[in-house]
Amino acid sequence: MKRRSILGGAIPLALAAAGRAARAAPPAGLATNTDHGFNSAGTFDIVARFADPGPSGIAITPDGRMFVGFPRHAVDHKGATLAELRDGGLVPYPSVALSLPSDRAPADRLVSVHGMTTDTRGRLWMIDDGKLAGQPLRPGAAKIVGIDPATDRVIASIVLTPPTLLPDSHMNDLRVDLTHGAQGTAYVTDSSFGTHPALVVVDIATGRQRRVLAHHPSTQTEPRFMAVVEGRPLVFNPSHQTFVSGGVDGITLSPDSATLYYCPLTSRRLYSLPTALLSDFARGDAELAAAVTDLGEKGVADGLATDPQGRIYTTNFEHDAIFRRNLDGSFDTILRDPRVLSPDGICVHDGHVYCTLGQWNRLAGFNGGHDLRVPPYLLIRCPTDPPAPLSSLPA
């Protein structure tokens with residue numbers, strides 16, 4: 001009883017003293033964190049919920065048509081690998097024959113749609129990584145596919161072939177630049193299922209293709225890299241992977257397509273290259289390497305996207321967040337919420353950031369054979385300019 005009464009008297013006194021000290025202190029010039037750890041940052045809408053499989057790529061046309069990719073490299077599911085979201089439901093796109101599993105040759109159907117984008121003419125492009133879980137890559141499966149939403153017809157299908165395509169390639173994401181090449185140039189990130197990442201450049205008109213910067217630090221994983229995923233510190237080990245990892249992965253273009261931004265998944269750095277050089281097949285690796293700009297840290301990002309102002313949005317699976325890199329190189333937290341698990345595909349449309357949440361870090365392969373994912377998987381959106389970003393520093 002005596003001890004309890006002593007503590008009971010000490011606590012109010014301490015609180016009172018703290019209160020007097022706080023009132024006596026001069027006003028703070030900057031507030032580094034306005035939520036004091038009590039709330040999530042930002043607001044988001046749930047656009048769609050998916051039972052199975054988990055979503056990855058997301059692309060939206062200028063008139064608002066929304067397309068989602070469901071790759072088969074982690075789980076060989078029997079649903080559509082590409083679908084249009086209509087009235088809250090998924091419709092295989094551009095047709096059942098192309099999007100659902102079938103006996104067609106891999107070159108004549110969509111096998112495993114991963115990264116997606118639209119070009120400046122509003123056409124849909126995707127990278128078909130061609131991989132079915134537990135199976136080797138088949139010839140013709142990995143390819144770049146373009147579809148014109150105005151007609152729902154395939155306008156391009158460029159099969160990736162050796163030596164551009166390696167047995168352990170993981171063609172992950174892409175962007176299409178219409179300012180270089182007769183019909184444009186596609187830039188693809190091969191994050192690799194093994195240890196051979198690189199950037200891939202493809203001339204859309206001719207199908208000419210090549211790997212570049214396959215040994216440059218800007219495309220590689222960082223040795224002994226550590227990520228904190230759902231509170232667990234995990235160290236990258238290519239022979240025993242315990243979290244989503246890989247080489248060059250995130251990719252986006254500046255609004256004028258003059259600059260390509262990219263980053264390895266197992267890294268915190270952001271890099272850029274002039275597309276005038278990257279699209280020129282006469283330029284060798286040494287010249288490209290000399291033109292790479294290291295833009296510094298941006299956190300652990302999977303997807304990248306650019307808004308019309310040139311600001312870059314990055315997913316971050318360590319913080320369950322979406323960050324924005326401003327034109328001056330500073331960052332804001334656009335969204336942070338414990339439900340934002342494994343933020344993956346990302347795009348910007350009409351003042352909002354759209355992002356798929358596939359819970360990839362909970363796959364059985366990263367968790368001792370136990371699939372820890374809990375459907376539904378989400379497609380969310382949040383405003384590009386929330387009223388008061390968590391990380392803003394008011395004067």
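Summary table below
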item: Count of region 274-288 residues which are closer than 27 Å to F323 by Cβ and out of contact with any helix residue (DSSP H, G or I) (no Cβ under 7 Å at 6 or more places or on another chain); result: 1
item: Selected residue (criterion: surrounded by the most Cβ atoms within 10 Å (Cβ to Cβ)) from residues of region 222-269 that are free of Cβ contacts under 8 Å to residues at least 24 places away in the same chain and under 22 Å from Q359 (Cβ atoms); result: L234
item: Answer residue from region 25-77, given it is at pLDDT 95 or above and among the small types (G, A, S) and is surrounded by the fewest Cβ atoms within 10 Å (Cβ to Cβ) among those; result: G64
item: Hey, A289 hydrophobic (A, V, I, L, M, F, W, C) and over 20 Å from the mean Cα position of the chain (by Cα) or not; result: yes
item: Among (1) within 26 Å of F331 (Cβ to Cβ); (2) surrounded by fewer than 18 Cβ atoms within 10 Å (Cβ to Cβ) - the single one H215 does not satisfy; result: (1)
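The values are calculated or read from the model by the stated rules, or taken from the named source; none is laboratory data. Please read all numbers here as calculations on a predicted model, not as lab measurements. A quick note on method: Cβ atoms are made from the backbone with ideal geometry, for glycine too, and the neighbour counts reach across all protein chains shown.
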